[in-house]
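These notes concern the structure reproduced below.
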Amino acid sequence: MKITGTFKELLPLESGDGWNMRNFILETDNQYNPLVCITTFGKNTDLIKDIEIGSKVECHINLYSKKYTDRWFNNITLWQIDVIDEDSDKEVVNEEMPF
């Protein structure tokens, strides 16, 4: 699934015994509830470390829900992010160069 918006805020890195995660806030064009908190885990936390606040991005995400103590929680996890170059209306893929 894809979601597009403005990279609004990068939250602090969280880590523990062998794991790390980082959240960021994406502002969509939705009229109601435009802010979305998206989570990255492990090596995917590196995907967002160099993205500038205010950049227009397209996020490739997975949505899922979990039940914990008779309550349901929604999760949005990022697996790819593309910065959209608004000047040329072309996407710049956030991937490492092969050389």
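For Gln80, enumerate residues with amide H under 5 Å from its amide H, sequence gap 5+ or separate chain, H modeled in the peptide plane.
Placed amide hydrogens put His60 under 5 Å from Gln80.
Under a Cβ-only charge scheme (Lys and Arg +1, Asp and Glu -1), can you give me the dipole magnitude of the chain about the Cα centre, in debye to the nearest 20?
Taking the Cα centre of the chain as origin, the dipole is about 640 debye.
May I ask for the net charge around Cys37, where only other residues with Cβ less than 12 Å from the Cβ of Cys37 are counted and Lys, Arg are +1 while Asp, Glu are -1?
Net charge in that neighbourhood comes out at 0.
For the chain, what number of Lys pairs, 8 or more residues apart or on separate chains, have alpha-carbon atoms under 17 Å from each other?
5
Compute the distance in nm between two label points, each set 7 Å from the Cα along the Cα-to-Cβ direction, one at Ser65 and one at Leu35.
Taking the two extended label points, one gets 2.4 nm.
Can you give me the solvent accessible area of Met1 with a 1.4 Å probe, rounded to the nearest 10 Å²?
Spelled out: Met1, probe radius 1.4 Å, area about 140 Å².
Tell me the label-point distance for the pair Glu14, Trp79, using the 7 Å Cα-to-Cβ offset, in nm and rounded to one decimal.
About 2.2 nm separates the two model spin labels.
Springs between alpha-carbon pairs under 10 angstrom, Gaussian network model over the chain: which of Ser55, Ser65, Ser15 fluctuates most?
Evaluated over the chain, the most mobile residue of the options is Ser65.
FRET efficiency for Lys43 and Thr6, Cβ-Cβ distance as r, R0 = 30 Å, nearest 0.05?
The calculated FRET efficiency here is 0.75.
GluC sites (Glu not before Pro), restricted to region 1-58: which are DSSP loop and have at most 14 other Cβ atoms within 10 Å?
On the way: sites: Glu9, Glu14, Glu27, Glu52, Glu58; in loops: Glu52.
The qualifying sites are Glu52.
The values are calculated or read from the model by the stated rules, or taken from the named source; none is laboratory data. Quantities reported herein were computed from a predicted structural model and do not represent experimental measurements. We place every Cβ from the backbone using ideal geometry, glycine too, and count neighbours over all the protein chains shown. These accessible areas exclude ligands, DNA and RNA; they are computed on the full protein's heavy atoms, side chains included. Shrake-Rupley method; radii C 1.70, N 1.55, O 1.52, S 1.80 Å.
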